[in-house]
1. Mind listing the long-range amide H neighbours of Arg76? Cut-off is under 5 Å, sequence gap 5 or more, other chains count too, H placed in the peptide plane at 1.01 Å from N.
2. Could you work out how far apart the two model spin labels at Lys196 and Lys50 are, taking each label as a point 7 Å from the Cα in the direction of the beta carbon, and quote it in nm?
3. Let's test the formula: R0 of 25 Å, r as the Cβ-Cβ distance of Val343 and Ile117. What FRET efficiency results, to the nearest 0.05?
4. What nm value, rounded to one decimal, do you get for the distance between Gln385 and Ala99 when each label is placed 7 Å out toward the C-beta?
5. Taking only the alpha-carbon atoms of region 39-85, what semi-axes of the equivalent ellipsoid follow from 5 times the gyration tensor eigenvalues under a square root, in whole Å, largest first?
6. In region 348-392, how does Rg compare with the Kirkwood Rh, expressed as the Rg/Rh ratio over alpha carbon atoms?
7. What order do you get for 378-390, 223-235 when each peptide is scored by the mean count of other beta carbon atoms within 10 Å, highest first?
8. Using amide H atoms built 1.01 Å from N in the peptide plane, name the residues 5+ places from Leu112, or on other chains, whose amide H lies under 5 Å from its own.
Amino acid sequence: MRIKNCICCILACICLYLSCPLAGYAADRDFVVVIDAGHGGKDPGAVGKKAREKTINLNVALALGKLIEANCRNTRVIYTRKTDVFVSLDRRAKIANNAKADLFISIHTNALPKGKIARGTETYTLGMARADENLDVAKRENSVILVEENYEEQYAGFNPNSSESYIMFEFMQDKYMEQSVSLAKLIQKQFKSHAKRVDKGVHQAGFLVLRATSMPSVLVELGYISTPDEENYLNSNAGVNALSRSIYNAFCSYIETQQGRGGTGTATQQTEQQEQPATMEESPSEEQPAEAEKKPAKQKNEGQSETEKPVFKVQIMTSSTLLKPGNSKLKGLKAAYYKENGVYKYTYGATTDYNEAVRLKRKVESKFKDAFIIAFKGNKKMNVQDAIREFKTGKRKK
């Protein structure tokens, strides 16, 4: 009997050890994840009838960290706060950067003005908020800097309540965007399947706490504290456990995915249907017609000849099936397509001038608000950051 019990204990330990992909991961150093419980101390965040955002955020952050610490060897968890203290947005990012973190997860709780009702979770990555509701979320989360000393100097005159201040995010290229979106999608998938929450999707917005981090990073909105039934859930042990377990499951899947691509934090596959803010080297003339407007690309499979220069295109949508030319989903655009991982991805325009690609992106945003720029060299897709660098280097040589 003792031998049987002993064997059961050993098997249980092995299962726990293997429950996170990093358990058997041999690396030169530990994988470092920073868990950021939003708000705290003098900053309560959103306030409900029974609870405060800062408390909900901290409860989920600690529960998530506990799961990772218990199940994932070779992983070091760092918290921006473990108690009810105030930590500036700038300090939170510095904690992650100083630790040379591999991942940054910021945990928050959503809210709406009195009289409005909404339910569900959403996860954000850094970028330009195209939708008004995304901008509203960013404004609310960024407003914490107003209680910081010398915030105008610290954040270079950034005004969290001014829409104009967010224009800068239009010109930011986040080299960790692909990994960040990958994690955000996994988190939303788990919220829906494990925690049974309403899936409000993955979005981009201008969050200061994400802007300053030098690693893949996401900001999670757990639910609406302003909606009574959601507040009750967020404030319950069942809610905290389900939400933290969902993020933990996504974390493990993310690590497994990155290892499958040759190591942690090295994913290079372009994500689909996510806004990718453009970085312009110069301001193009709006009057200058784009080449793609003169000669719209024909709809065909894009196997193109080798070229020395990267070719920029604007990805507008994806489809699980091949669309016929003139399909209403293309909204009147003459688009080309390429196939990736069994998915048809439709693009508009083709140019070796990145600034022209920016103009094309702006042109189609009224029809496809999630359009973003991609790049090819020959018939192979390439990292858009590398393509932009080649474009800039080529201009300097002229």
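1. Hits under the 5 Å cutoff: Phe31, Val32, Val33.
2. 1.8
3. Plugging the Cβ-Cβ distance into 1/(1 + (r/R0)^6) gives 0.10.
4. Going from the Gln385 label point to the Ala99 one covers 2.1 nm.
5. 25, 11, 6
6. The Rg/Rh ratio comes out at 0.97.
7. Listed from highest to lowest mean packing, they are 223-235, 378-390.
8. Counting only residues 5 or more places away or on other chains, the set is Ser226.
Values quoted throughout were computed directly from the atomic coordinates according to the rules given, and no laboratory measurement underlies them. Source: prediction; values computed, not measured. For neighbour counting, all protein chains shown are included, and Cβ atoms are generated from backbone atoms with ideal geometry for every residue, glycine included.
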